Amino acid sequence: MLLAIHGCTALLFAILGIVFSCGKGSSLIAGYNTAKPEEKACFDEKALCRVMGGLMFALAACFVVMALSEVFQMIAFLWGGLALLIVVTVVGVTYMNTSKKVKRK
């Protein structure tokens, strides 16, 4: 059961990664889609989408690691995947908010 849940979640994140990597789907990015036009002008939309796509692929990989816990019946994969998920999320969000590639001046 957990294998199916983690597999579907990884597939969803991979699909979102493809959409974002193509430079589309900026309306799906929380905070960006609700920002005022003058706030949106501070960001390079294509670069933001590409970075978000990379983050989605990394999160999909984390869920694949968690799915391996069910395949190999080892809880270490689940904990490792969860730790990776937290690290990838924190690093990814920090990068998006501080990168000069994403923010315009």
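Starting from the range 1-22, keep only residues that are under 20 Å from Leu82 (Cα atoms) and among the small types (Gly, Ala, Ser), then list their pairs with residues that are open to solvent by 80 Å² or more (accessible area, probe 1.4 Å) and assigned to a helix (DSSP H, G or I) whose Cβ atoms are within a distance under 6 Å, requiring at least 6 positions of separation or different chains.
Gly17/Phe57
Go through the range 91-105 residue by residue and tally those that are exposed (fewer than 12 other Cβ atoms within 10 Å of the Cβ) and more than 13 Å from Met52 (Cα to Cα).
4
State all residues of the range 12-27 that are over 12 Å from the mean Cα position of the chain (by Cα) and either within 17 Å of Cys62 (Cα to Cα) or not in a loop (DSSP other than H, G, I, E, B) (or both); if no residue qualifies, say none. Walk me through it before giving the result.
Taking the range 12-27 first, the residues over 12 Å from the mean Cα position of the chain (by Cα) are 22-27.
Ser26, Ser27, listed by residue number.
Among the listed residues Val102, Val64, which satisfies the condition of being in contact with a strand residue (DSSP E or B) (Cβ under 7 Å, 6 or more places away or on another chain) and among the β-branched types (Val, Ile, Thr)?
Matching residue, one of Val102, Val64: Val102.
Can you tell me which residue among Gly31, Gly23 is open to solvent by less than 60 Å² (accessible area, probe 1.4 Å), within 15 Å of Thr89 (Cβ to Cβ) and not aliphatic (A, V, I, L, M)?
Gly31
How many residues does the range 34-69 contain that are surrounded by 14 or more Cβ atoms within 10 Å (Cβ to Cβ) and assigned to a loop (DSSP other than H, G, I, E, B)?
Number of matching residues: 1.
With respect to Phe77, is the statement that it is in contact with a strand residue (DSSP E or B) (Cβ under 8 Å, 6 or more places away or on another chain) and buried (at least 17 other Cβ atoms within 10 Å of the Cβ) true?
Considered against the rule, which asks whether it is in contact with a strand residue (DSSP E or B) (Cβ under 8 Å, 6 or more places away or on another chain) and buried (at least 17 other Cβ atoms within 10 Å of the Cβ), Phe77 comes out as no.
Residue check, Thr94 against (1) in contact with a helix residue (DSSP H, G or I) (Cβ under 8 Å, 6 or more places away or on another chain); (2) without any contact (Cβ under 8 Å) to a residue 12 or more places away in the chain, all met but one. Which one?
(1)
The values are calculated or read from the model by the stated rules, or taken from the named source; none is laboratory data. As the structure is a computational prediction, the values presented were derived from the model and not from experiment. In this analysis, Cβ positions are derived from the backbone assuming ideal geometry, glycine residues included, and neighbour counts consider all displayed protein chains. For accessibility, only protein heavy atoms count, side chains too; no ligands or nucleic acids. Shrake-Rupley method; radii C 1.70, N 1.55, O 1.52, S 1.80 Å.
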